[in-house]
Amino acid sequence: MDLLNQLTASFRDAFHSDPLLICSPGRVNLIGEHTDYNEGFVLPAAIDKAIYLAVGPRNDDELHFIAHDLNKTYRGSLANLTPTKTWADYLLGVVAQFVLNGQPIRGFNCLFSGTIPMGAGLSSSAALENGVGFALNELFDLGLDRLTMVKLSQRAENEFVGAKVGIMDMFASMMGKADHVIKLDCRSLEYTYAPLRMDGISIVLCDSRVKHSLVSSEYNTRRAECEAGVRFLKTFYPEINSLRDVTMDMLDTHLKNAEPLIYRRCAYVVQENQRLLDGVAALEENNVAIFGQLMYGSHEGLSQWYEVSCPELDTLVEIAREHPGVLGARMMGGGFGGCTINLVREDALEDFTELITKQYKARTGKDTYLHACKIQNGTNLVSKAVSY
């Protein structure tokens, strides 16, 4: 509440009006990484680390943005929606998609801050994009449903920012439900909520303090490698459209010897989809121990087969494996830095914190920061101070 009060006061100082306040959460993904853009399955949830936006309409076409934490401002207009290669693109991209979608919007003021650790792989960019879309929908009474806003956020990042991300991050941030995970089919966008029964177990994020950017050649290269594998296999199986349709038998028969690198990338995705389905079955049986072992398998695949980990993330998982109070651990997010996600018995949390803090520093020379998180609702209206 202190942050909301601070944002409200800062908005009033900057724009001389009362704001509408929006909370747009980050996300964790329990299992199923780099499967979303391959039309596979993911198992994310919205968390209690979020971007908070204070917004208000203008009577002209100007756009005034303030990144409160960065102490930076942007001023532009609806008439000039072009990429700036700065933080402002995450807002401008959403505005551009609303305009392209024919939505009747005007200029607006936006001041934002957050509690999502930046660069930790918790999808702060998706949270910000969702928050902007949600704000436009509220400010101008557009009547858009949540899925439409999710798709506009994804297009903003794909086409304006330039990161070819899948839909999971935006979907989890917008559609999250407290104390539930989302089993999302990234092909059909069909989804179900499953209760997250983890009594006595905490979800703990360990920050490698290695910053990453999804707008990187490596991320887009992985996507291109997967697409190359599908094109190769289509010469033998014309009916396939994505790695969702591919089996390990297909890969072993046709791709393993012909394209070893592409084989490893595709094999990881096929195996990860199966791990997720096995993991959902384990959660439905309340068998968190089996789920934790699948998380370790996921990390091995991401590190050795898909090669999107880094030495620091691998070290965090190795240390976690050494502690008997940890049921499972893996890197989370796009990779090349960010956090690991760990399932830790609450009675072991203090000892785990001490072990991983000391050992990570000893092995890498870096500090790690731990974030225990809870599952919360998706993007939502916090308060509406005045009538728009």
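Quick grid of which residues meet (1) at positive phi; (2) touching a helix residue (DSSP H, G or I) at 6+ places or on another chain (Cβ under 7 Å); (3) part of a helix (DSSP H, G or I):
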position: Ala258; (1), (2), (3): no, no, no
position: Ala267; (1), (2), (3): no, yes, yes
position: Met295; (1), (2), (3): no, no, yes
position: Ser309; (1), (2), (3): no, yes, no
position: Gly335; (1), (2), (3): yes, yes, no
position: Ile341; (1), (2), (3): no, no, no
position: Glu354; (1), (2), (3): no, no, yes
Within the range 327-347, track down each residue that is hydrophobic (A, V, I, L, M, F, W, C) and open to solvent by 10 Å² or more (accessible area, probe 1.4 Å). Leu327, Phe336
Mind listing just one residue for me: the one in the range 280-289 that is free of Cβ contacts under 8 Å to residues at least 24 places away in the same chain and either under 24 Å from Val308 (Cβ atoms) or assigned to a helix (DSSP H, G or I) (or both) and, of those, most open to solvent (accessible area, probe 1.4 Å)? Ala281
Lone unmet requirement of (1) in a loop (DSSP other than H, G, I, E, B); (2) crowded, with 24+ Cβ neighbours inside 10 Å; (3) over 27 Å from the mean Cα position of the chain (by Cα) for Phe11: (1)
List the number of the failed condition for Glu159; all other conditions in (1) open to solvent by 20 Å² or more (accessible area, probe 1.4 Å); (2) farther than 24 Å from Tyr219 by Cβ; (3) more than 15 Å from the chain's Cα centre (by Cα) hold. (2)
What pairs come out if I take residues in the range 223-250 that are of a type in the set (Lys, Arg) and pair them with residues that are exposed (fewer than 14 other Cβ atoms within 10 Å of the Cβ) whose C-beta lies under 9 Å away, six or more apart or interchain? Lys234/Asn241
Quick one: Leu283 ticks every box in (1) under 18 Å from Asn38 (Cβ atoms); (2) touching a Leu at 6+ places or on another chain (Cβ under 8 Å) except a single one, so which number is it? (1)
Can you pull out every residue in the range 91-146 that is modelled with pLDDT of 95 or more, in contact with a Lys or Arg (Cβ under 6 Å, 6 or more places away or on another chain) and among the hydrophobic types (A, V, I, L, M, F, W, C)? Phe108
Given the criteria modelled with pLDDT under 95 and assigned to a loop (DSSP other than H, G, I, E, B), does Asn220 qualify? no
Qualifying residue in the range 167-182 (condition: without any contact (Cβ under 8 Å) to a residue 24 or more places away in the chain and over 17 Å from Ile51 (Cβ atoms)): no
Does the range 186-208 contain at least one residue that is buried (at least 17 other Cβ atoms within 10 Å of the Cβ), charged (D, E, K, R) and touching a residue at least 12 places away in the same chain (Cβ under 8 Å)? yes
In the set Thr353, Thr340, Thr357, which member is within 19 Å of Asp169 (Cα to Cα) and among the hydroxyl-bearing types (Ser, Thr, Tyr)? Thr340
Residue set Arg345, Arg363, Arg330; condition in contact (Cβ under 8 Å) with a residue 12 or more places away in the chain and in contact with a Gly (Cβ under 7 Å, 6 or more places away or on another chain); output residue Arg345
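Yes or no, residue by residue, for (1) among the polar types (S, T, N, Q); (2) within 16 Å of Phe160 (Cβ to Cβ):
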{"position": "Asp61", "(1), (2)": "no, no"}
{"position": "Ala67", "(1), (2)": "no, no"}
{"position": "Asn71", "(1), (2)": "yes, no"}
{"position": "Gly76", "(1), (2)": "no, yes"}
{"position": "Thr84", "(1), (2)": "yes, yes"}
{"position": "Tyr90", "(1), (2)": "no, yes"}
{"position": "Val99", "(1), (2)": "no, yes"}
Out of (1) assigned to a loop (DSSP other than H, G, I, E, B); (2) within 21 Å of Ser125 (Cβ to Cβ), what's the single condition that is false for Asp48? (1)
If you scan the range 217-267, which residues turn out to be among the polar types (S, T, N, Q), farther than 23 Å from Asp185 by Cβ and within 25 Å of the chain's Cα centre (by Cα)? Ser217, Asn220, Thr221
Mind counting the residues in the range 249-279 that are open to solvent by less than 50 Å² (accessible area, probe 1.4 Å) and either touching a strand residue (DSSP E or B) at 6+ places or on another chain (Cβ under 6 Å) or within 20 Å of Ser303 (Cα to Cα) (or both)? 14
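The values are calculated or read from the model by the stated rules, or taken from the named source; none is laboratory data. Note that the structure is predicted; figures quoted are calculated from it, not measured. Quick reminder, even Gly has a Cβ in these numbers, built from the backbone with ideal geometry, and neighbours come from all protein chains shown. Areas reflect the complete protein model, heavy atoms only, side chains present, ligands, DNA and RNA absent. Shrake-Rupley method; radii C 1.70, N 1.55, O 1.52, S 1.80 Å.
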